[in-house]
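Input: a single structure, listed below in structure tokens.
Derivation of every value follows stated rules applied to the coordinates shown; laboratory data play no part. Please read all numbers here as calculations on a predicted model, not as lab measurements. No Cβ is skipped: glycine too gets one built from the backbone with ideal geometry, and neighbour counts run over all protein chains shown.
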Amino acid sequence: MGFVSVVGIRKRGTPRVIQERPLRIVTVRAETVPWSESHGDSRKTPGDERFANEAANQVDDGVFSEGPLLPPRLVRVEKEKRESEKSGFWRIIVLATLFLSWYASNTAFNVFNKQVLKVYPYPLTCTMVQFLVGSIMMASLWVFRLRRVPVVDWDSIRTLGLLSALHASGFYLTNASLGSVSIAFTHTVKSTEPFFSVALSPSLLGEVPTWGVLATLVPIVFGVGVASATEASFTWFGFVTAMGSNLCLQGRNLISKRFMKKGESSIDNVNLFSLISIGAFLILLPISSIVEGPAAVSAISTLNLPFRVLMEKLFYGGFFRCVDVLTSYMILKQVSPVTHSVGNCVKRAIVITSSVILFRTAISPVNIFGTSLALIGVLVYSLVVVGCKQNKFGPDSPLCRPVYEELDLVEGAGI
């Protein structure tokens, strides 16, 4: 067939040649679509169904057999609408599942730890076994090629060794606190993490705290003080180990942040957690064997708990700790830092509430007030930090003004 000019008509009637293309002649038999059916009759012919199917295919995946049936723009808009509806619904389902898994795994980790430490008071040994479980789980991600194996150079090994030591110390001290006082009190004290973050950031990251951040520390410190003064299970050992855990874990977080800024392409958050978990196990294995080894082994025969049950609870503690961390990373990839911070505060509140119910912890109204005040302070702290980073309060807000602007430690001071 030859080429003919396709003519477009402007508003004033002036013909304009758009382009030359082959003219396709499509014949349609009038009797295939009766007038009554094409004007609202509910009956459909095979031709109608074929047209509907072709149009649906065009919207779904752009495939059609006899040429486009719908305008391209309409296809694109309808396609985007369908995809947004599907993705919006499934995103809600996925996020709800992730948050529930996050809260459940963290609560389970604390509950199993407390159950074990009540009958088997050897926190070094318990922490070592849990790191063994975590190391096997994280290494399996590499074995089954779910994560790329990280490439570590000699310069990174020293930093990874320090991070592993802080990781091991932080979790050992957490378990030591859980074995000494209630879960609720341990986590109330651990809500002072922002205080240590602010104290360590200038020296480790060169980040100067802002006035807004310092102001949010007041309700945190005051709330923890009130809760400590009215805590029925209070011991100085439990309090100091919880505070020491904060120091170690916040130091780990800040050094990890500085390490990740170097741009190590093969070491992401998950791989970093895997490496320091394995390192923490290797550090605690000889230490726990020397310090608690003989006593921990001999105590097994006098337990009121079968050895199999003890090992199951230790395994579950290590397993749910890994699930807790991995789920946290997955959530952070899908939501804003503000949402993640709020979710983290809710998680701590759920852990405290669940432990009070499960272990029937005695708690007074004043204690509840102190704990609630500390948690609210942590929430406000998180919102202020993220808001200042994202310039939510404006460039001249006093909340985001560095405390000492004259000290130029980094590019741009302020947290």
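For the reader, a short list of remarks on this structure follows.
- Distance histogram in 5 Å bins (all Cα pairs of the stretch 81-198, percent per bin): 2, 9, 11, 15, 17, 15, 13, 10, 5, 3, 1, 0
- Percent of C-alpha pairs per 10 Å bin in the stretch 83-400, short distances first: 6, 24, 34, 26, 9, 1, 0.
- Descending Cα extents along the principal axes, the stretch 262-402, whole Å: 65, 50, 27
- Whole-number percent relative contact order across the stretch 297-415, with pairs defined as alpha carbons under 8 Å at least 6 apart: 19
- Karplus-based coupling profile of the stretch 232-241, in residue order and whole Hz: 5, 9, 4, 9, 5, 5, x, 5, 5, 5, with θ = phi - 60° in 6.51 cos²θ - 1.76 cosθ + 1.60 and x standing for Gly or Pro.
- 3J(HN,Hα) couplings calculated from phi for the stretch 219-228 with the Karplus curve 6.51 cos²θ - 1.76 cosθ + 1.60 (θ = phi - 60°) are, in sequence order, x, 5, 5, 5, x, 5, x, 5, 5, 5 Hz; Gly and Pro show x.
- Packing-based ranking, highest mean first, of 385-393, 175-183, 105-113 given that Cβ atoms within 10 Å are counted: 175-183, 105-113, 385-393
- Sites L95 and I290, calculated FRET efficiency, Cβ-Cβ separation with R0 35 Å, nearest 0.05: 0.15
- Range of Cα positions in the stretch 162-259 per principal axis (Å), largest first: 40, 33, 15
- Summing Lys and Arg as +1 and Asp and Glu as -1 over all other residues whose Cβ lies under 13 Å from the Cβ of K114 gives a net charge of +3.
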